[in-house]
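Asker: This is the structure I have questions about; it appears just below.
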C-alpha cells in the first residue's frame, strides 16, 4: 500500500522508494507527512531506523492509531542475505494476513565491519536493493529506504538512485528517472571485476570430484576455528562453501579451485571453475520456493544467506564466486 503526495492509494503494487537527506530537516520535511498518511490507512508502519532518527521522528509522530512499530536495525541488518530475506518474509506474512503495511528502513551497513570491506559491503547491499524490486513484487506494500548523504559518498548515492523506482521528496513521492530495472542493474554489477586475490593464501586446493569435499570441510573447519569463529558461524561458512563448490563440480563439470585467506577479521573463500558458464545476474536472489527462482538456484541462494557477501564474476572462461565472512557480523546476536 502506498499513498502518493496527492493522496492516491494503490493497493495492488509493491512500491520501493528512497529518501536521500542531507540534513535532519530534509528528513523530517519529506518523511513526516508520508508517515502521517501511512499511519492513517495502514495496519502497521514498521520503522527500522537508528536511535538518532527515532528521536528525531518520535516527537512529531503521535501514534493515535496504534499502527507505529519501532525496531532496532541491528535486529534486521546482520548478514545481508538475512536482512533481504527477513524483510521478504515479513511482507509475505503481512500480505497473507491481508494487512496493509509500510516499512521505513535505514540500512545499518558499516558498523561491525572492517573498514576496508565497507565499500564492497555497501555495493553488495545495493544489489539486494535492486533485486527486491522483483522479489517483493507479489506483496502490496511500501518500503521507503533512508539514506544520509552526509554519511555516504556520491558513488553510493548513485547506486541508491538506480535501485529505487521512486524518490520521496518534500513534494511527495516522485518517479525516479535514474532507476534501472533489476536485470539491468544486476547485470552491470556482476561485470565488476573482483579485486585480486592475495598472492599468498592460507589454503589453496583443486577439487575434481564431490568426494573430496569431506577433506575440504575438515580443513576449513580447523581454519575458521583457529581464527576465533564459534561453532555455528563455522558451520555456516562450511555449508556456504560446500554448496558453492559442489554446484560447480556438478553443473560446470570441471575442476574447482578453492582458496581461503583472512583479511583483517574477515575470512574470505573463493571458488573458481574453468567451465566459463555465465551465472545469471539474478542467481541466488530469489528464495527457491518463490516465483522467479532459477532452476538449481538453491545452492547460490543458500550461499548468499550464510555468507555476508557473495560476489560472482565470469571472465575469460573462468567463473569465480567469492564469499566473505566478517567475524563481527557472523557473531552478532
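Asker: Could you give the nm distance between label points at residue 110 and residue 315, where each point is 7 Å from its Cα heading toward the beta carbon?
Answerer: Using points 7 Å along Cα→Cβ, the separation is 2.7 nm.
Asker: Would you calculate the separation in nanometres between label points at residue 161 and residue 201, each defined as 7 Å from the Cα along the Cα-to-beta-carbon direction?
Answerer: About 3.8 nm, to one decimal.
Asker: Sort 154, 26, 72 so the one with the fewest other Cβ atoms within 10 Å of its own Cβ comes first. Before the final figure, lay out the partial values.
Answerer: Values: 154 8, 26 16, 72 13.
Least to most surrounded, the residues fall as 154, 72, 26.
Asker: Right, another one. Under the 0.36 nm per residue contour assumption, what length would be gained going from the current alpha-carbon distance of residue 71 and residue 255 to full extension?
Answerer: Numbers: separation 184, 0.36 × 184 = 66.24 nm, distance 4.58 nm.
Result for the pair: 61.7 nm of gain on full extension.
Asker: Would you mind ranking 282, 256 by Cβ crowding within 10 Å, fewest neighbours first? Intermediate values should be presented prior to the final figure.
Answerer: Details: 282 22, 256 26.
Ascending Cβ contact count within 10 Å gives the list 282, 256.
Asker: I'm checking a number: the convex hull volume of the Cα atoms of region 40-119, normalised per residue, in Å³. What is it?
Answerer: Working: hull volume 7.7 nm³, N = 80.
Spread over its residues, the Cα hull of region 40-119 gives 96 Å³ apiece.
Asker: What length, rounded to one decimal in nm, is gained on full extension from residue 215 through to residue 187, with 0.36 nm per residue of separation minus their alpha-carbon distance? Show your work: numbers first, answer last.
Answerer: On the way: separation 28, 0.36 × 28 = 10.08 nm, distance 3.48 nm.
So the extension gain works out to 6.6 nm.
Asker: Convert 20 °C to kelvin, take the viscosity as 1.002 mPa s, use the Kirkwood radius over C-alpha pairs of region 104-244 as Rh, and evaluate the Stokes-Einstein diffusion coefficient in µm²/s, rounded to a whole number.
Answerer: Numbers: Rh = 18.4 Å.
Roughly 116 µm²/s, to the nearest whole number.
Asker: For a quick check, take a GNM of the chain with Cα springs below 10 Å and name the residue from 143, 210, 269 with the largest mean-square fluctuation.
Answerer: 210
Asker: Calculate, for residue 235 and residue 264, the FRET efficiency according to 1/(1 + (r/R0)^6) with r their C-beta to C-beta distance and R0 30 Å; round to the nearest 0.05. Write out the running numbers ahead of the final one.
Answerer: Details: r = 22 Å, r/R0 = 0.74.
Result of the calculation: an efficiency of 0.85.
Asker: Have a look at 195, 214, 173 and tell me which one the Gaussian network model of the chain (Cα, springs below 10 Å) gives the largest fluctuation.
Answerer: Taking springs between Cα atoms under 10 Å, the residue moving most is 195.
Asker: Tell me, what is the percent relative contact order of the chain, built from C-alpha pairs under 8 Å that lie six or more residues apart? Let's see the in-between values first.
Answerer: Details: 614 pairs, mean separation 64.0, N = 333.
About 19 percent, as a whole number.
Asker: Okay, next question. Looking at the P(r) of the chain, how many percent of alpha-carbon pairs lie beyond 28 Å? Walk me through the numbers before you get to the answer.
Answerer: Details: 23596 of 55278 pairs.
Roughly 43 percent, rounded to a whole number.
Asker: If you don't mind, there's one more thing I want to ask. Just rank 327, 36, 164, 52, fewest to most, by other beta-carbon atoms within 10 angstrom.
Answerer: Numbers: 327 20, 36 15, 164 27, 52 12.
Ascending Cβ contact count within 10 Å gives the list 52, 36, 327, 164.
Asker: Let me ask another. If you take the square roots of the eigenvalues of the alpha-carbon gyration tensor of region 2-190 and sort them as a ≥ b ≥ c, do you get rounded (a/c under 1.5), prolate (a/b over b/c) or oblate?
Answerer: Numbers: a/c = 1.40, a/b = 1.25, b/c = 1.12.
Rounded shape, in that the Cα axes give a/c under 1.5.
Asker: How far apart, in nm, are two points set 7 Å out from the Cα along the Cα-to-Cβ line at residue 194 and at residue 150?
Answerer: According to this spin-label approximation, the distance is 3.9 nm.
Asker: Any chance you could get the radius of gyration and Dmax over the Cα atoms of region 203-330, in Å?
Answerer: Rg, Dmax (Cα atoms, Å): 13.9, 41.
Asker: Pick from 245, 116, 71: which residue has the top mean-square fluctuation in a GNM of the chain where Cα pairs under 10 Å get a spring?
Answerer: Checking each option, the largest mean-square fluctuation is seen for 116.
Asker: Continuing with this model, one more query. Nearest 500 deg cm²/dmol is fine: what mean residue ellipticity at 222 nm does the chain get from its DSSP H runs of n ≥ 4 alone, each adding -39,500 (n - 2.57), divided by its residue count? Each step should come with its number before you reach the end.
Answerer: Values: 11 runs with 128 residues, N = 333.
After summing the helix terms and dividing by residue count, I get -12000 deg cm²/dmol.
A short reminder: the numbers here are calculations on the coordinates, not readings from a lab. Just so it is clear, the model here is predicted, and its values are computed rather than measured. Here Cβ is always computed from backbone atoms with ideal geometry, including for glycine, and neighbour counts include all displayed protein chains.
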